[in-house]
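Below is one structure; the comments refer to it alone.
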Protein chains: 2
Amino acid sequence: MRLSKAFWQTFKETPADAVIPSHQLMMRAGLIHKSGAGLYNYLPFGLKTIKKVENIVREELDRAGCHELLMTVVTPGELWRESGRWDKMTEMLKFKDKGGRDVCISPTNEEAISDIFRKTVKSYKQLPINLYQINTKFRDEIRPRFGLMRGREFIMKDAYTFHIDSACLDEGYENLKSAYSRIFKRLGLNFFIVEADAGAMADSSAKTHEFQVIADNGEDLLIYNQEANYASNQEKAKTKRANIDFDTSKPAQEEVATPNMSTIEDVCSFLKVPQHTSIKSLVYYASYHEEDKDGEFLLLQLLGDDELNELKLTNYLGAAEVRPAADDELKDLGLVKGFIGAFNLKNDLKVLVDTAIDMDGAFTVGAQKEDFHIKNFVPSRDIKECEQVDLRLAKKGDLTEDGKHVVDEIRGIEVGHIFQLGDMYTKAMGITVLDQNGKTISPLMGCYGIGITRTVAAVIEQLHDEKGIIWPKNIAPADIYFASIAKSDELKALAEDIYKELQDSGFDVVFDDRKAGPGFKFKDSDLLGLPIRVVLGEKTYGENQELEIVVRKTGESFKIKKDELVSKIKELMETL
Amino acid sequence: MRLSKAFWQTFKETPADAVIPSHQLMMRAGLIHKSGAGLYNYLPFGLKTIKKVENIVREELDRAGCHELLMTVVTPGELWRESGRWDKMTEMLKFKDKGGRDVCISPTNEEAISDIFRKTVKSYKQLPINLYQINTKFRDEIRPRFGLMRGREFIMKDAYTFHIDSACLDEGYENLKSAYSRIFKRLGLNFFIVEADAGAMADSSAKTHEFQVIADNGEDLLIYNQEANYASNQEKAKTKRANIDFDTSKPAQEEVATPNMSTIEDVCSFLKVPQHTSIKSLVYYASYHEEDKDGEFLLLQLLGDDELNELKLTNYLGAAEVRPAADDELKDLGLVKGFIGAFNLKNDLKVLVDTAIDMDGAFTVGAQKEDFHIKNFVPSRDIKECEQVDLRLAKKGDLTEDGKHVVDEIRGIEVGHIFQLGDMYTKAMGITVLDQNGKTISPLMGCYGIGITRTVAAVIEQLHDEKGIIWPKNIAPADIYFASIAKSDELKALAEDIYKELQDSGFDVVFDDRKAGPGFKFKDSDLLGLPIRVVLGEKTYGENQELEIVVRKTGESFKIKKDELVSKIKELMETL
């Protein structure tokens, strides 16, 4: 592609609403154009990368035995009513069409694929079946942000598998998990496969994993140890605290004045004790799905430097939702905010003690009255009644479950999610097939997503520097940025020859033949981030008949004769 | 692809709502699945054809120097307000998003592309520029029908060009017109390029053409003569009537009783005269865009066997809209329905006489009173005041404008439309570039559409028989339908070998390895319509070690040894 004829424009200014590097760089490099809040048009160079990502995804899924189809973007409300999700999907754009029918712009397609499935598959002999599409989706977020990372309209690959039993589902799940690994490897990414939470979508035994691209700006915190081959989303992570010594001599309680000190930090620094020798008391309210089960308040006990993992609490209780108690609720419970302890409790407040707490240890806790704390509170002695439960959020410095490895933290961007749905949708929609014994059963499903446009943003979050994007070679908008600084007719003719030679050698070349100086061209080249830059300059070529090659990723540069240009680029590309 | 592992199912029954062959066959052949009114999911084989069509379009547009990008499906209302179209677009699905902003699902993208253009192009030096996308579109028809032919959601290629002046626009227009011709040729279609009507989209001097696929079920009637290289949409066609003799002796008027005969047919058959010696009187009401111009009634005179072309009337008057007068309006004008003549007119009714009428000829007309007509009405003598205007609809048997060729009629399906928009959108949206003299001017635009999914339906309308689809080779879901009727292990192994050999020879093969009889397989094969069927049967192979090749298009069949199979198929494919 000749830039003098291209539709491309870079920008010096960063748009005010672009706060993360991928958003800033995609706008500045002329890859996307904002059409409205959370709505981005994909410009030619941006679209080229998106299509390369799509094709890698397509190739690996086809290799895994999946069949591609394409479902409508607008889907009828009746399908969503069948599964019972019409009223539950909050970020779905719903409306009535001109015929007065309920329709929506699908954010996901479990219902639509199940509807297609039931028209085609009647018997276990046709199973397993793997179907996918790459399509535009819409999530009506009120405050979209971060460019393609959290756009409202986005491109997604969604796959769905159908199985006769759970062994078949497990096999299909592993098959897709491997395909996903191959995909993200081919995309040139540093990523983690982490255990995720099944949430409300299936029962807790269902397998589910996230594919997380490592990046400083990642929204998710991951807990991992590479030696132990362990990685998990923080909220799902199973670790234990590294050993801590507690004073288990059960000394007598001692009340201390702690005026205006309502935080663990203040109290422990005042008392000159480490935070883990204090107990953090949290009051939570839990509500339940079951109509006949009332909501309840709970007093939670955690080590002073630990945080609550709300997911663990929710799962332990089997609750629909948990939330911190409000200030007035604390008052009603007779508790003084900032000075709570697990004793002298007025109401039947259930006490849950985190497993990291040594029940015989001596801790500093709130004195149940304003401006006082108690030292040497010993849970086994001083708490009337309690259950010990794993409640804490895993963190850096913890040990793996076997106690052998210390885990670390890293931030990630979720670009893929795979999920065992079970018979949730097939049951709700009354979809059955005949099994080996001629009995009708509800087939089991798996669903598997990759955010295509989100992945492009994640690539840039992982691979960029202060000058611009650093594309992995498999998904760069082109291979080579050929900047000609030639002024003489002779060198201009040579530039044309080189452009042709590079193309004939199978490279996709962006030929910067614009009337502009080297500084301008190099800046655009660095911003766009193609793997290799080739420069033809009057001076270098005039002196030694040499061209310059610069590798975007490493910054290495080479002076090279025209004859060796192609072979040197091929050699360098191999290393990328 | 092995059918035993494929996701494919044909159907014997034709859905009740499928009334045209393309809709029926696509449903029965398992190419599409109905998700809701006017909403169709594209199943694997359907999607393969759609992608092949897309790729041919893409290749030819890229060759024509166009740049591909992708605009959002959901676009903000503010853009449409800028051009003034927000309130005018009736079949656009508009709604408010969760943030309370006006958005719509774009049925077309002039505003969006202009918005992208103004961010990137500032000078005539960057022109011309050709941009296109292939994307999902939505047209909210209340009663969608005909499957993909008139679906609500559909895939469309829309291209837009920008130019500094009209010479440049003309050049760009011809460039795209040629690309379109190459596209439809490569799709294997019999098509016409016809002159179309500019309608409300631009001034009447703007060029516009439709690409029409010839098919019995076409919605459009085309007027053409191939020798004269002439083709036009009927409403835009410029022809003249073949010569007719009129009695120009100006005989005296004669009143005849025509009881209960209010149609031309009845009167002429009663009087035993040809219909073209009668005059058809139509009363129309025309309204105007200009606020200060009142609507008016018009009395139109056409030869008895001609029809009015409303578009010609509208354009002649410069009217906003024309419509036939209602019965009560006729009464108010003092006219008797079925017996109207252009004389004794009570009101100031303007009379327009079609140019095909000889003003000195003698005609039968209504007598302005119930149950009577007048013979020998001579317009030049008997009409008080009139204008002679070209009003008639062109038809089969007319002559080309030069009088040298007789035109014929044929039905077509519009699959492409190209259009010179001029500065309509750039002016409305205040988009300018600097011209050669440093002056700001509004660039000129062209727009160019191809209905991708509609084209697939049109292909089937043109190419099918009672057994199923007959795909052109370039866009068939695959090249070969290989039906193995092998029962013995030896022949089953041979079938595997042949499947491999065909694939290795570069063919895309559907291998019917299902447990089913020959009749079942042949029916599915004919319905799906791949260009070549290969059959391995116990009997034919057993007797002479021969396979059978059947050409779907011609029905020819060949018995062939395995060694010659690939070369014979290659030879046959060349002829398709």
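Throughout, read-outs are computed from the coordinates displayed, never taken from laboratory work. Note that the structure is a prediction, hence the values are computed from the model and not measured. Ideal geometry is used to build each Cβ from the backbone, glycine not excepted, and the neighbour counts take in all protein chains shown.
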Only residues of the stretch A:308-334 count here: report those whose backbone N is under 12 Å from the spot 7 Å along Cα→Cβ of A:A228, or say none.
-> none
With one decimal in nm and the nearest listed first, the spacings from A:K185 to its own position in the other copies, using label points 7 Å along Cα-to-Cβ, are 4.6
Pop the C-beta distance of A:K500 and B:D563 into the FRET formula with R0 = 51 Å and round what comes out to the nearest 0.05.
-> 0.75
Axis-nearest residue of B (beta carbon) for the B-onto-A rotation, whole Å = B:F95, 2
Can you run phi through the Karplus equation (6.51, -1.76, 1.60; θ = phi - 60°) for the stretch B:227-235 and list ³J(HN,Hα) in whole Hz, with x for Gly and Pro?
-> 4, 7, 6, 10, 8, 8, 4, 3, 5
Each residue of the stretch A:251-261 in order: what ³J(HN,Hα) in whole Hz does its phi give by Karplus 6.51 cos²θ - 1.76 cosθ + 1.60, θ = phi - 60°, with x for Gly and Pro?
-> x, 6, 4, 8, 8, 10, 6, 10, x, 6, 9
List the residues whose amide H sits under 5 Å from the amide H of B:L399, counting only those 5 or more places along or on another chain, with H placed 1.01 Å from N in the peptide plane.
-> B:K240, B:R241, B:A242, B:V407
Unit charges at the beta carbon, dipole of the protein assembly as shown: most positive-side option, A:T248, B:A394, A:V535 = A:V535
Return a whole-number percent for the relative contact order of the stretch A:320-376, with Cα pairs under 8 Å and 6 or more residues apart as the contact set.
-> 35
Taking Cα pairs closer than 8 Å and at least 6 residues apart, the relative contact order of chain B in percent is 17
How many Cβ atoms of partner chains, on average, are near each residue of A:150-163 if near means within 10 Å of its Cβ?
-> 1
Mind checking which lysines have their C-alpha under 18 Å from A:K236, skipping anything on the same chain fewer than 8 residues away?
-> A:K207, A:K312, A:K395, A:K396
Here the alpha-carbon Rg of chain A over 2.2 N^0.38 Å rounds to 1.20
Karplus ³J(HN,Hα) for the stretch A:505-514 (6.51 cos²θ - 1.76 cosθ + 1.60, θ = phi - 60°; Hz, whole; x = Gly/Pro) runs 7, x, 8, 8, 10, 9, 9, 7, 9, 6
Quick one: order A:V407, A:V103 by neighbouring beta-carbon count within 10 Å, fewest to most.
-> A:V407, A:V103
In nm, one decimal, shortest first: how far is the label point of A:S269 (7 Å from Cα along Cα to beta carbon) from the matching points in the other copies?
-> 10.6
What is the spin-label model distance, in nm, from B:A493 to A:E538 if the labels are put 7 Å beyond Cα along the C-beta direction?
-> 7.5
Chain A: calculated mean residue ellipticity at 222 nm from DSSP helix runs of at least 4, using -39500 (n - 2.57) | -8000 deg cm²/dmol
A student applying the Cα gyration tensor rule (rounded when a/c is under 1.5; otherwise prolate if a/b is larger than b/c, oblate if not) would label the stretch A:166-309 prolate
Dimensionless Rg ratio for the stretch B:296-375, taking C-alpha atoms and the 2.2 N^0.38 Å reference = 1.12
So for R0 = 51 Å, FRET eff. of A:K427-B:A428 from the Cβ-Cβ r, to 0.05, ends up at 0.40
In terms of the ratio Rg/(2.2 N^0.38 Å) built on C-alpha atoms, what value belongs to the stretch A:254-389?
-> 1.03
Quick one: B:L61, B:L502, fewest Cβ neighbours within 10 Å first, how do they rank?
-> B:L502, B:L61
Mind putting a number on the dipole of the stretch B:254-389 about its Cα centre? Charges go on the C-beta only, +1 for Lys and Arg and -1 for Asp and Glu, and I need it in Debye to the nearest 20.
-> 420
Return A:T364, B:T161 ranked ascending by Cβ neighbour count within 10 Å, so the fewest neighbours appear first.
-> A:T364, B:T161
For the stretch A:1-81, give the magnitude of the charge dipole about the Cα centre (Cβ charges: +1 Lys/Arg, -1 Asp/Glu; no others), in debye to the nearest 20.
-> 440
With a ≥ b ≥ c from the Cα gyration tensor eigenvalues, square-rooted, and the rule rounded for a/c under 1.5, otherwise prolate when a/b > b/c and oblate otherwise, the stretch A:375-514 is oblate
Say a label goes 7 Å from Cα toward Cβ at B:E254 in every copy; what distances in nm does this one have to the rest, shortest first?
-> 13.6
With label points built 7 Å along Cα→Cβ from the Cα atoms of A:A257 and A:T554, find their separation and express it in nm.
-> 6.9
Using unit Cβ charges (K, R positive; D, E negative) and no other charged atoms, how large, in debye to the nearest 20, is the dipole of the protein assembly as shown about its Cα centre?
-> 1500
Among the DSSP beta bridges whose two residues both lie in the protein assembly as shown, what percent are antiparallel, rounded to the nearest 5?
-> 80
Based on the Cβ-Cβ distance of B:N344 and B:R143, what FRET efficiency does E = 1/(1 + (r/R0)^6) give at R0 = 41 Å, to the nearest 0.05?
-> 0.35
Prolate/oblate/rounded label for the stretch B:478-575 (Cα gyration tensor, a/c 1.5) = rounded
Provide the percentage of antiparallel DSSP beta bridges, counting only those with both residues in the stretch A:478-575; round to the nearest 5.
-> 50
Normalising by the residue count of the stretch B:254-389, find the relative contact order in percent from Cα pairs under 8 Å and 6+ residues apart.
-> 29
With Cβ to Cβ distances under 14 Å as the rule, what net charge do the other residues near B:K34 carry (K, R +1; D, E -1)?
-> +2
Report, for the stretch A:254-389, the % of DSSP beta bridges that are antiparallel, rounded to 5.
-> 70
